[in-house]
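Engineer: One structure coming up, written as structure tokens, with questions to follow.
The values are calculated or read from the model by the stated rules, or taken from the named source; none is laboratory data. The model shown is predicted, which means the values in this text are computed figures rather than measured ones. Glycine gets a Cβ as well: all are built from the backbone with ideal geometry, and neighbour counts include every protein chain shown.
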Amino acid sequence: MDNLLFGLQTTVIGMGIVFSVLAILWCLLMLVVKLDAWAARRAAARAVADAAAGGLAADPGSEAVPPAAAGTPLVRLVGAPDGLDPRLIAAITIAILRHEETRRLQAAPAMRSYWPGSLLFASRWVAAGRTRQGQSWRRRR
Amino acid sequence: MDNLLFGLQTTVIGMGIVFSVLAILWCLLMLVVKLDAWAARRAAARAVADAAAGGLAADPGSEAVPPAAAGTPLVRLVGAPDGLDPRLIAAITIAILRHEETRRLQAAPAMRSYWPGSLLFASRWVAAGRTRQGQSWRRRR
Amino acid sequence: MDNLLFGLQTTVIGMGIVFSVLAILWCLLMLVVKLDAWAARRAAARAVADAAAGGLAADPGSEAVPPAAAGTPLVRLVGAPDGLDPRLIAAITIAILRHEETRRLQAAPAMRSYWPGSLLFASRWVAAGRTRQGQSWRRRR
Amino acid sequence: MSQQTIDELLKGITGLTWQSLVMFAVAGVLLYLAIAKDYEPLLLLPIAAGCLLANLPHSPMIEEGGLLKVLYAAGIENELFPLLIFVGIGAMTDFGPLLENPKMILIGAAGQFGIFGVMILALLIGFTRPEAASIGIIGAIDGPTSIYVSQRLAPNLLGPISVAAYSYMALVPLIMPPVMRLLTTEKERRIRMAYGGGTVSRRTRLVFPVAVTLLAGILVPFSTPLVGSLMLGNLMRESKAVERLTHASANEIANAVTLFLGLAIGSTMLGTSFLVPSTLAILGLGIMAFVLDIAAGILFAKLINAFSGGTFNPLIGAAGISAFPMAARVVQKVAQDEDFENFPLMHAMGANAAGQVASTVAGGVILALFAAG
Amino acid sequence: MSQQTIDELLKGITGLTWQSLVMFAVAGVLLYLAIAKDYEPLLLLPIAAGCLLANLPHSPMIEEGGLLKVLYAAGIENELFPLLIFVGIGAMTDFGPLLENPKMILIGAAGQFGIFGVMILALLIGFTRPEAASIGIIGAIDGPTSIYVSQRLAPNLLGPISVAAYSYMALVPLIMPPVMRLLTTEKERRIRMAYGGGTVSRRTRLVFPVAVTLLAGILVPFSTPLVGSLMLGNLMRESKAVERLTHASANEIANAVTLFLGLAIGSTMLGTSFLVPSTLAILGLGIMAFVLDIAAGILFAKLINAFSGGTFNPLIGAAGISAFPMAARVVQKVAQDEDFENFPLMHAMGANAAGQVASTVAGGVILALFAAG
Amino acid sequence: MSQQTIDELLKGITGLTWQSLVMFAVAGVLLYLAIAKDYEPLLLLPIAAGCLLANLPHSPMIEEGGLLKVLYAAGIENELFPLLIFVGIGAMTDFGPLLENPKMILIGAAGQFGIFGVMILALLIGFTRPEAASIGIIGAIDGPTSIYVSQRLAPNLLGPISVAAYSYMALVPLIMPPVMRLLTTEKERRIRMAYGGGTVSRRTRLVFPVAVTLLAGILVPFSTPLVGSLMLGNLMRESKAVERLTHASANEIANAVTLFLGLAIGSTMLGTSFLVPSTLAILGLGIMAFVLDIAAGILFAKLINAFSGGTFNPLIGAAGISAFPMAARVVQKVAQDEDFENFPLMHAMGANAAGQVASTVAGGVILALFAAG
Ligand code: NA
Ligand code: NA
Ligand code: NA
């Protein structure tokens, strides 16, 4: 009987705590999601304002560079050359972002994302250096 | 002298035990091999019987689905459509087995052969779900 | 004051030791580099001598097999067939060295560079053996 | 040759007991489930091997300095292994479906009821309080949590509890559907749920593991190791800045630890202590914990459905039990059996991820309640 | 429910102190640096996680038998982790540029001056001798050396010293250029250096690690573990006969150890002991050590330049500080800012590799001087 | 500067002894064999490195808490490392050739005679009984078995015994052929053996590791760790259900353990205890063990040949010595030298696998006989 009482009490308290913790977490997540939406809206608004202020030359009718989602760095075309096809600008933008990503993964270690001495890091620099030196060391046979 | 005696005695006992253990293992292995052969024969016999009983439509002259070796699940064509080319049936059978094997390796985790959350597991289901949702989350740039 | 003195003294001794150790290392490295150059020269000289003694048939004007750098085993054409094009000899030489390297990486384990039972080791031998046996064991389905 | 030497040579045969023979059979059954049936082979095979090696007569592997003893001391006694596995699970888990649907999180709480329900039953049968809590934790339906909690509260029951937890988890696809069909009407199972819009931002994905760790760690300190390990793995995963570590946690470390964990768990299944009535009771209570979890999850989902005007499929509730990610798949399958066009998988995945988090929190709560009592 | 149980349940909230809150913020900053800024994420992220988990109220992870405690005992107390990381670094380092240019080795010696300079400053501020030496070792600009030495001489300062070492190392691309520009003229920075001829023979590559180990081990026995581990890795690499071991050292082992090392280091950053004035002093002295190292390297290079008749670019000296291989890249970048066609990288790599070796020797010297004193 | 500090600084040079110099030379020879000659580099290189690091004057690496000491305590003292290597070997070994030809198993038994023969010789020379047994175990021609047994019976001889075992194993292609040619006639070497039919079923492959473990574990409990580890690896391999674990055992775990094992073994080769007459005796007895093994295997095979009417090639007997899988290749080579069309490899592989199993059983038998005596 004592055990049953203890068990029931424990169950109420235990399930209560579990529900409470997760409920607080729920509120917290809702808050973060709200913040996200707000940040995204603000970033979009600011982008439009900046574009207006900076005199974005790209045809305003084109959707080549739409307001990006939260967290996506916005590409701002400040004083872009007049004659360029917006689609071309879009393609170039994507190519540049792509290249940056690749560079980050391969060469990031200006901040040493990779281990010292890692080939991933050294390849391009060392390749250039070795070429200049005009000599490479030979693999063992 | 004492040491020599001890050494010889130990040698006799030691080599005796080694030989005994391996001899027993030999008998055991022979038994298993015998069992295997018997199981293979029985499976083959039963397959033939089943085929006869179930009215295997495939041309009996064709060897498309020969009695399999022990351990190989036998494909039984119960009530197969009359007009089908036995070679076609064989090809389909192989394709299905192949697919099952692939599915096992990729998706086995109905029984969680892979770790919870593993991409190997989730890919196909999640891909479908994401597609329906029409949204995917973006990689970091 | 006492601390400052201690610190200065420690600095002098410490930097002194660091410099000394690295200076000795420097001398040592210079010595090794010298030895290397000497060994390379000697190997080259001996190669030329051997070639003269052994009657190297390859056209002396051709540079197909130049004196190799230190550590590179020199290919000596002892009694090479007269009519062969030196460039052909060079090509064959490279092919053989290449093959040796491959063999080393794949099959080295005459000296067990690979783990016992490693597929890397067994593949070719076992493949041959299995083929002779005309039977292979089946993967699980 | 002295009598002593002869005794020494024969001690293997004379040391055989009926218990060892039965345990060989148990190991055989586990091997069969693992190899032939593909039921959680990554853990059941090492457990079976550990069980077999420990039950050999006078096995040197469980003596002081023996391999299994060493592994047990290195990773079970100090809970290193279950926590490292949690890091690996975190590194492999995508909490996206939960973050898109935060309300799913309460479903995960409901799916822990079996822990407490079975604890009461175990108390009534006569187990001590720590033992009852350890048996209840089978209802967390999460291997590492079960091992962590029972190692702390009742190490003597670690063997049967782990075996029950992993075996039943492997059987989830067989246990869930009947319970789900019994507690829901066909109409309920046919409810289609809309997908909201929100993509989850990178910021949210990074805040989530940190927030969960802080929250659970402050409110339930005992849950810090479980929640913290899981969320450490997830933080590494979502940071996308330490791919080397994420990969190592989810692969090299997880693989080695899984093998060692299984062997060490198996070595606790010694015939003399395993073949007792309480083991049978634990196996029975374990399956009850599963059923209670599923039922509580579904009933809670029905409640939500009532409040939301019939737009919430109660089957989703069953995914709140943890057993990530299998439970979500079973929900999808059962829903599809009624209506092939229905696709509640992503909602179920959200509830399932919530169940994973809730399980670790519940583990901490159990420890807090029983360390004090 | 007894008062005791209620206290137990609330102890997480009542256990929160201002120190824990501040440490959460510190962990947040480290996470930001690691994830958003990509500053040494492989170590800063685990350190931040360890810091956060250790500072949660009543964290079971730093109690006896807790995960962080276990990791600390398993690899920091006995210096296993830093040495294994050194094996991995050795397995990844190509000493070729140094071997082609042996005279660069003395530059590495000059780049260790900061160790001693800062030690004097720390003594003057009032740190004890072993503490001052440990703070000085931040000037080795080499993570594992700092951890190894400070764990031996002043384990109480291990947390702040490691954090300073790794944070500043991440900031090398920001710290170096101003110092370099201040101490060199534009003309000096424009000096182009010729590349000598010599390929490095396989024999030299094999003799190097063995010779360094013997030499340092005999002359400075205390440096044996640091130098020996680094050179063991390099010997395996250059032998080309044990690819499996080289690969394992540089990958599987290094990854697992990095994660565990970071967590264990982070767990030493307990609010009550970390949030003291000496931590601030250490952070300040640490950056001074960096600046002194760079300055000493450049001045020594200027000396060489004077003797060699203006053919030695003094920027190379800055690469002697260790921080391998980042420092060499920064040298290249600064040189290229003046003259885009200049390419001193390979010379800088040589000096950089020399700095790596010199750092470990200096670590041993510090231990020898302060173990006796 | 006090005299004490000066002594401290010079202790490396003053601590050099002739023994350390000789041990450096020994390490150099081992490195030469490993790197230039490719003789078992995976073990000889780490052993040589461990030897060098341990023999440096006042090496901190073998003091309490030093890296080599820690590795020794972590994996040699408790036999963790050799057993984990056995799991890896099991995961890589295909026992198919033996299962197709079960009668080969007795050849493996014959190939263990050298263990006992050399034990008698060692007893006569004056070694104690446990020492003699440990020296005899070199005749198991299996590294982990030698380490496991000698660590149990005579840890003081671990260094020379391991070095002898691995060095001679590397020399098997040089040691075997002369003995084989001496003991067989050309006619015998030309015998061609037919290949039977039987494919091996999956069931047999799964039953084999379990049966061997049960059998050896019950009949010779002392062999449980050795046989059990080997067969655990093989069971994982043949189950094809736990590829992750099989792969981890055969790669990540095996690589890390091999490195650590080699270093720890090398660290036992301290000049003062290694450079004694008994080491020379052990090296001499070790090669004798190899020769006796080979001879016994061949003579037993000749017996079989006599009974089978000249259809059994006696060379196959030489493969029963273990040294898996090298011995089988040498047999093939010697047979082919006589008759290029002869292909006894698969038979030899069967005998070789049997030798591997028999070696572990013999190791257990030796432990049983000498633990009691
Ligand atoms: Na659960
Ligand atoms: Na430095
Ligand atoms: Na043997």
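Engineer: Does D:F86 satisfy the criteria of being under 16 Å from the mean Cα position of the chain (by Cα), more than 8 Å from every other protein chain (Cβ to nearest Cβ), within 21 Å of D:I137 (Cβ to Cβ) and more than 16 Å from ligand 3 (Cβ to nearest atom)? Let's see the steps before the verdict.
Structural biologist: Numbers: under 16 Å from the mean Cα position of the chain (by Cα): yes; more than 8 Å from every other protein chain (Cβ to nearest Cβ): yes; within 21 Å of D:I137 (Cβ to Cβ): yes; more than 16 Å from ligand 3 (Cβ to nearest atom): yes.
Yes, satisfied.
Engineer: Just checking, does segment E:335-342 include any residue being under 24 Å from E:R192 (Cβ atoms) and small (G, A, S)? Full working, then the answer.
Structural biologist: Step one: of segment E:335-342, the residues under 24 Å from E:R192 (Cβ atoms) are E:335-342.
Adding the requirement that they be small (G, A, S) leaves E:335.
Looking through segment E:335-342, at least one residue is under 24 Å from E:R192 (Cβ atoms) and small (G, A, S).
Engineer: Applying the selection to segment D:89-140, what residues are part of a loop (DSSP other than H, G, I, E, B) and within 16 Å of the chain's Cα centre (by Cα)? If you could, list the steps in order and put the result at the bottom.
Structural biologist: Initially, segment D:89-140 is screened for residues part of a loop (DSSP other than H, G, I, E, B), giving D:93-95, D:100-101, D:111-112, D:126-128.
D:T93, D:G111, D:Q112, listed by residue number.
Engineer: Take the residues in segment F:318-373 that are more than 12 Å from ligand 3 (Cβ to nearest atom) and polar (S, T, N, Q); name whichever of them is surrounded by the most Cβ atoms within 10 Å (Cβ to Cβ).
Structural biologist: Within segment F:318-373, the match that is surrounded by the most Cβ atoms within 10 Å (Cβ to Cβ) is F:Q332.
Engineer: Right, another one. Please work out if E:L52 is in contact (Cβ under 8 Å) with a residue 40 or more places away in the chain and part of a helix (DSSP H, G or I). Please lay out each step first, then the result.
Structural biologist: Details: in contact (Cβ under 8 Å) with a residue 40 or more places away in the chain: yes; part of a helix (DSSP H, G or I): yes.
When the stated conditions are applied, E:L52 passes them.
Residue by residue, here is whether (1) within 26 Å of C:L22 (Cβ to Cβ); (2) within 11 Å of chain F (Cβ to nearest Cβ) holds:
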{"position": "E:L206", "(1), (2)": "yes, yes"}
{"position": "E:T213", "(1), (2)": "yes, yes"}
{"position": "E:L219", "(1), (2)": "yes, yes"}
{"position": "E:L232", "(1), (2)": "yes, yes"}
{"position": "E:A241", "(1), (2)": "no, yes"}
{"position": "E:L259", "(1), (2)": "no, no"}
{"position": "E:T268", "(1), (2)": "no, no"}
{"position": "E:I287", "(1), (2)": "yes, no"}
{"position": "E:D293", "(1), (2)": "yes, no"}
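Engineer: Quick test for you: out of D:F86, D:F113, D:F127, pick the one residue that is modelled with pLDDT of 90 or more and in contact with an Asp or Glu (Cβ under 7 Å, 6 or more places away or on another chain).
Structural biologist: D:F113
Engineer: Ok, one more. Condition first: of a type in the set (G, A, S) and either within 16 Å of ligand 2 (Cβ to nearest atom) or surrounded by 19 or more Cβ atoms within 10 Å (Cβ to Cβ) (or both). Now tell me which residues in segment F:281-312 satisfy that.
Structural biologist: Residues of segment F:281-312 that are of a type in the set (G, A, S), as a first pass: F:281, F:284, F:286, F:289, F:295-297, F:301, F:306, F:308-310.
Selection gives F:G286, F:A289, F:A295, F:A296, F:G297, F:A301.
Engineer: Name the residues in segment D:1-38 that are at the interface with another protein chain (Cβ under 10 Å from one of its Cβ atoms), in a helix (DSSP H, G or I) and small (G, A, S), would you?
Structural biologist: If the condition is that a residue be at the interface with another protein chain (Cβ under 10 Å from one of its Cβ atoms), in a helix (DSSP H, G or I) and small (G, A, S), then D:G12, D:S20, D:A27, D:G28, D:A34, D:A36 are the ones that fit.
Engineer: Consider only pairs whose beta carbons are under 8 Å apart and that are at least six residues apart or on different chains; among these, list those whose first residue lies in segment D:1-22 and is more than 25 Å from B:T10 (Cβ to Cβ) and whose second residue is surrounded by fewer than 14 Cβ atoms within 10 Å (Cβ to Cβ).
Structural biologist: Close Cβ pairs (under 8 Å, with a partner that is surrounded by fewer than 14 Cβ atoms within 10 Å (Cβ to Cβ)) amount to D:T17/D:T272; D:Q19/D:T272.
Engineer: Ok, one more. Looking at E:S278, is it within 17 Å of E:S146 (Cβ to Cβ) and buried (at least 24 other Cβ atoms within 10 Å of the Cβ)? Steps first, please.
Structural biologist: Numbers: within 17 Å of E:S146 (Cβ to Cβ): yes; buried (at least 24 other Cβ atoms within 10 Å of the Cβ): no.
Against the criterion (within 17 Å of E:S146 (Cβ to Cβ) and buried (at least 24 other Cβ atoms within 10 Å of the Cβ)), E:S278 does not qualify.
Engineer: Return yes when F:L315 is within 13 Å of chain C (Cβ to nearest Cβ) and either surrounded by 24 or more Cβ atoms within 10 Å (Cβ to Cβ) or within 16 Å of ligand 2 (Cβ to nearest atom) (or both) and no when it is not. Walk me through it before giving the result.
Structural biologist: Numbers: within 13 Å of chain C (Cβ to nearest Cβ): no; either surrounded by 24 or more Cβ atoms within 10 Å (Cβ to Cβ) or within 16 Å of ligand 2 (Cβ to nearest atom) (or both): yes.
Criteria not met by F:L315.
Engineer: Take segment F:43-86 and flag every residue that is small (G, A, S) and touching a Pro at 6+ places or on another chain (Cβ under 6 Å). Steps first, please.
Structural biologist: Narrowing segment F:43-86 to residues small (G, A, S): F:48-50, F:54, F:59, F:65-66, F:73-75.
Result: F:G66, single match.
Engineer: May I pose another question? Which condition from (1) at pLDDT 90 or above; (2) more than 10 Å from every other protein chain (Cβ to nearest Cβ) is the one that F:S273 breaks?
Structural biologist: Status for F:S273: all satisfied but (1).
Engineer: On the given criteria, is F:Q112 of a type in the set (S, T, N, Q) and touching a Leu at 6+ places or on another chain (Cβ under 7 Å)?
Structural biologist: No: the conditions fail for F:Q112.
Table: residues versus (1) within 16 Å of ligand 1 (Cβ to nearest atom); (2) aliphatic (A, V, I, L, M); (3) facing chain B (nearest Cβ under 10 Å); (4) closer than 19 Å to F:G297 by Cα.
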| residue | (1), (2), (3), (4) |
| --- | --- |
| F:Y72 | no, no, no, no |
| F:L80 | no, yes, no, no |
| F:T93 | no, no, no, no |
| F:M104 | no, yes, yes, yes |
| F:I107 | no, yes, yes, yes |
| F:I115 | no, yes, yes, yes |
| F:S134 | no, no, no, no |
| F:D142 | no, no, no, yes |
| F:Q151 | no, no, no, no |
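Engineer: Also: If we scan segment D:256-265, do we find a residue that is modelled with pLDDT under 95 and surrounded by fewer than 19 Cβ atoms within 10 Å (Cβ to Cβ)?
Structural biologist: Looking for residues that are modelled with pLDDT under 95 and surrounded by fewer than 19 Cβ atoms within 10 Å (Cβ to Cβ), one finds none in segment D:256-265, hence no.
Engineer: If you don't mind, another one. Of the residues that make up segment F:25-47, is at least one basic (K, R) and either surrounded by 24 or more Cβ atoms within 10 Å (Cβ to Cβ) or at pLDDT 90 or above (or both)? Even if it seems obvious, please write down each step before you answer.
Structural biologist: Residues of segment F:25-47 that are basic (K, R), as a first pass: F:37.
From the residues that got through so far, the ones that are either surrounded by 24 or more Cβ atoms within 10 Å (Cβ to Cβ) or at pLDDT 90 or above (or both) too are none.
No, there is no match, as no residue in segment F:25-47 is basic (K, R) and either surrounded by 24 or more Cβ atoms within 10 Å (Cβ to Cβ) or at pLDDT 90 or above (or both).
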